[in-house]
1. Pairs only if they're at least six apart or on different chains, beta carbon under 7 angstrom, first in region 212-228 and over 14 Å from residue 2 (Cα atoms), second in a loop (DSSP other than H, G, I, E, B) and among the polar types (S, T, N, Q); list them, first residue then second.
2. Just give me the residues in region 119-160 being in contact (Cβ under 8 Å) with a residue 40 or more places away in the chain and in a loop (DSSP other than H, G, I, E, B), in sequence order.
3. Is it true that residue 225 is within 15 Å of the ligand (Cβ to nearest atom), buried (at least 18 other Cβ atoms within 10 Å of the Cβ), of a type in the set (A, V, I, L, M) and over 19 Å from residue 37 (Cβ atoms)?
4. Looking at region 207-221, can you tell me whether even one residue there is touching a Lys or Arg at 6+ places or on another chain (Cβ under 8 Å) and of a type in the set (Lys, Arg)?
5. Look through region 18-36, keep the residues that are of a type in the set (S, T, N, Q) and touching a helix residue (DSSP H, G or I) at 6+ places or on another chain (Cβ under 9 Å), and return whichever of them is surrounded by the fewest Cβ atoms within 10 Å (Cβ to Cβ).
6. Name the single residue, out of those in region 230-243 being part of a loop (DSSP other than H, G, I, E, B) and either without any contact (Cβ under 8 Å) to a residue 60 or more places away in the chain or closer than 13 Å to residue 7 by Cβ (or both), that is farthest from the ligand (Cβ to nearest atom).
7. Picking from 192, 166, 200, which residue would you name as being at negative phi, touching a residue at least 60 places away in the same chain (Cβ under 8 Å) and crowded, with 17+ Cβ neighbours inside 10 Å?
8. Taking region 192-208 as the region of interest, how many residues are basic (Lys, Arg) and more than 17 Å from the chain's Cα centre (by Cα)?
Amino acid sequence: ASNRHFFVGGNWKCNGSKKSIRELADLVNGIQLEPNSGTQVVCAPPFPYLDFVRSLLKKEVGVAAQNCWIHGNGAYTGEVSVDMLLDLGVEWVILGHSERRHIPELHESDETIAQKTKRALDSGLGVILCIGELLQEREEGKTLDVCKRQLGAVAKVVKDWEKVVVAYEPVWAIGTGKVATPEQAQEVHAVVRKWFSETVSPQVADKIRIIYGGSVNGQNCNLLAGQKDIDGFLVGGASLKPEFANIVSSHS
Ligand code: PEP
């Protein structure tokens, strides 16, 4: 961590009911957050609950969608546009999550994710942009190339990174209980920051939050949060549990 504003996102994935979400919102509202807190907290419920969650959560907590449509409103049955998210008071969107990149029925490409990122940013939403390698890619020594390729696709169409948080999420660590070691995560975060310095600008590299995701829990968060280039977390499974509060307070 550093003097960058620590960022903790809770990705609720495809989970919840009105009852369980009301309980989860109570839990999140119970986390002490001063108006100028050292940690920014954002929760990402499934689309149908966004409005409900925005109405339940205190204003210090942001709300993110887990995806958005690549175009605007129109004849796109079944999609959810950025304009609709803004209309609901949603401030963020998660894009490029590994489940959207790699689940065969979804299979979003680098270019699709880049175009969605551009649309979301152009409209004023913040973007939690997920990148990360598969286990096979790590074993083949391709981790850094994969992350740079995924970022490079976005850099082709996005020039203003002010409202982007990059989430490094090694796919082998997501939902598996196999967290990256602090050293493994720090190594990639440092390379990503260097990539920003060389490809975008040293100013953006210095400012951009690079958060880690992949089996973060109440036990392993403190050591990870102590790494120089880890500016927060994107949390899946543990964001549905009381330990989310410990993760939020891991940076102090
Ligand atoms: C995620 O969904 O972004 C994630 C990191 O999941 P988990 O914490 O369950 O590994």
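Please treat every number below as a calculation from the coordinates, not as lab data. Quick caveat, the model's predicted, so the values are computed rather than measured. Positions of Cβ are generated from backbone atoms using ideal geometry, with glycine treated the same way; all protein chains shown enter the neighbour counts.
1. 215/176; 221/250
2. 125, 132, 156, 157, 158
3. In short, no.
4. Looking through region 207-221, at least one residue is touching a Lys or Arg at 6+ places or on another chain (Cβ under 8 Å) and of a type in the set (Lys, Arg).
5. Step by step, filter region 18-36, then rank; the result is 32.
6. Selected residue: 231.
7. Just one listed residue meets the conditions, 192.
8. Count: 1.
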